[in-house]
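Contents: one structure, followed by commentary.
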Amino acid sequence: MGTFKAWVVDKTEGGQSLAFRDFDEADLMDGDVTVRVTHSTLNYKDGLALTGRSPVVRRFPMIPGIDFSGVVEASDHPEYKPGDPVVLTGWGVGETHLGAYAQKARVKGDWLVPLPDGLTPEQAMAVGTAGYTAMLCLMALDAHGVKPADGPALVTGASGGVGSVAVALLARAGWHVIASTGRGDEADYLRGLGASEILDRAELGKPGRPLGKERWAAAIDAVGSTTLANVLSMTKSDGAVAACGLAQGMDLPTSVAPFILRGVSLLGINSVTTPQPKRREAWARIARDLDLGKLDTMTRRVSLEEVGRLGESILDGGVRGRTVVGVA
Ligand code: NDP
């Protein structure tokens with residue numbers, strides 16, 4: 001066994017430290033599949049792990065990075081053999097289990113999905129946890145029964161990772177998409193992804209009324225807090241809101257009014273421990289329904305060495321769309 005390059009978070013007296021260094025393969029955690037990582041990404045949660053701004057890292061030392069694509073190097077799992085291309089998102093990787101910002105990872109085979117047909121390893125990570133979560137939101141709205149004919153769909157945090165993919169997926173599914181953003185200068189970018197209207201996020205960010213004018217039939221919310229409260233208060237009768245994020249905050253200062261007076265449904269989305277059948281369905285739908293040209297326009301590429309320095313920037317809303325980390 002040798003060493004490989006990795007970003008490593010360690011605990012210090014003042015908080016945590018971050019270094020790009022050699023990591024001993026013998027120190028990888030238990031798992032029945034070892035993967036040569038070829039790509040990872042930058043998600044909001046990675047920003048929290050890299051900076052320590054919120055205590056998402058719960059084991060030290062930790063290799064951050066919550067998702068990767070790569071090639072199986074060794075396997076004791078019946079479904080995987082050396083050479084198989086695989087994808088991993090969630091399951092505490094990069095938080096409690098050594099993660100993706102490294103040339104190697106050892107994980108449970110039960111956490112992996114085969115690389116979906118139609119996607120390259122780089123495209124799978126251009127989608128990454130953020131894009132896969134956007135698909136889980138769309139699937140939740142579909143399962144609820146809300147349809148494009150019922151009215152527009154709102155996306156909050158639209159210029160971010162979840163938001164950008166959500167805009168593209170909803171538009172492709174036939175929705176009139178309203179993109180809420182704090183970045184007015186990204187209006188052309190969002191229209192290019194399929195948004196029909198741009199809403200200044202300031203309109204949703206301040207405390208509002210328990211019930212407002214009915215404006216959208218569905219919403220995908222990556223922001224939480226007062227924004228989510230306002231999104232709910234302006235959702236049409238019997239509409240639904242899929243909530244996955246907390247970019248504004250973890251609180252939810254709302255009332256029961258949208259639920260009991262308009263029959264609005266709040267659908268919670270947790271991508272981390274999604275069971276395998278739903279996980280595979282989501283990836284298959286991404287491969288089928290996401291416009292790969294649009295995926296490319298929302299994606300920038302950085303090296304493994306660069307990603308360690310991008311934590312602050314994603315938390316401060318400075319990253320547009322998706323960021324692929326080239327590892328191999
Ligand atoms: P990004 O940072 O890429 O996107 C977040 C976007 O939210 C920003 O681009 C910005 O959009 C908007 N935003 C940022 N700060 C604020 C603020 N203070 N008030 C209002 N809007 C704000 O992150 P991701 O897309 O990777 O993740 C989005 C959220 O979803 C995160 O909270 C993340 O933790 C969560 N998430 C949850 C998952 C789950 O399983 N539930 C899985 C994946 C992500 P704009 O500039 O357009 O306004």
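Shape of the chain from its Cα gyration tensor (a ≥ b ≥ c, root eigenvalues): rounded if a/c is under 1.5, otherwise prolate when a/b > b/c, or oblate? Because a/c hits 1.5 or more and a/b exceeds b/c, the chain counts as prolate. On the chain, 51 percent of the accessible area sits on carbon and sulfur atoms, based on a 1.4 Å probe.
Take every pair of alpha-carbon atoms less than 8 Å apart whose residues are at least six positions apart; their mean separation over the length of region 215-294 yields a relative contact order of 28 percent. Among the listed pairs K45/K108; K206/K236; K11/K81; K81/K294, a Cα-Cα separation exceeding 30 Å is found for K11/K81; K81/K294.
As a rough guide to protection, the peptides 272-285, 141-154, 60-73 ranked by mean Cβ packing within 10 Å, highest first, stand as 60-73, 141-154, 272-285.
Highest-first packing order for the peptide set 125-134, 186-195, 247-256, 232-241 is 125-134, 232-241, 186-195, 247-256, based on the mean count of other beta carbon atoms within 10 Å. Just report the Cα centroid separation between region 98-151 and region 21-75, whole Å. That distance is 17 Å.
Which helices of the chain meet both criteria: a Cα extent of 30 Å or more along the helical axis and a mean Kyte-Doolittle score no lower than -0.5, with helices taken as whole DSSP H segments? The answer, listed by residue number, is 121-144. Per residue, the chain exposes an accessible area of 41 Å² to a 1.4 Å probe, with every protein chain left in place. Ellipticity at 222 nm from helices only: DSSP H runs of n ≥ 4 in the chain, each -39500 (n - 2.57), divided by the residue count, give -8500 deg cm²/dmol. Placing +1 on the Cβ of every Lys and Arg and -1 on the Cβ of every Asp and Glu, with nothing else charged, gives region 128-268 a dipole about its Cα centre of roughly 200 debye.
Considering only alpha-carbon pairs that sit under 8 angstrom and 6 or more positions apart, the relative contact order computed for the chain is 19 percent.
Here the chain is treated with +1 on each Lys and Arg Cβ and -1 on each Asp and Glu Cβ, and its dipole about the Cα centre works out to around 720 debye. Sequence-distant contacts, meaning Cα pairs under 8 Å at least 6 residues apart, place the relative contact order of region 128-268 at 23 percent. E197 contributes about 80 Å² of solvent-accessible surface, heavy atoms of the protein only, 1.4 Å probe. Each of the peptides 159-165, 293-299, 224-230 was scored by the mean count of other Cβ atoms within 10 Å over its residues; in descending order, highest first, they stand as 159-165, 224-230, 293-299.
The values are calculated or read from the model by the stated rules, or taken from the named source; none is laboratory data. This structure is a prediction, so every number in the text was calculated from the model and none was measured. All Cβ positions, glycine included, derive from the backbone under ideal geometry; neighbour counts span all protein chains shown. We work out accessible area using only protein heavy atoms, side chains counted, and drop any ligands, DNA or RNA first. Shrake-Rupley method; radii C 1.70, N 1.55, O 1.52, S 1.80 Å.
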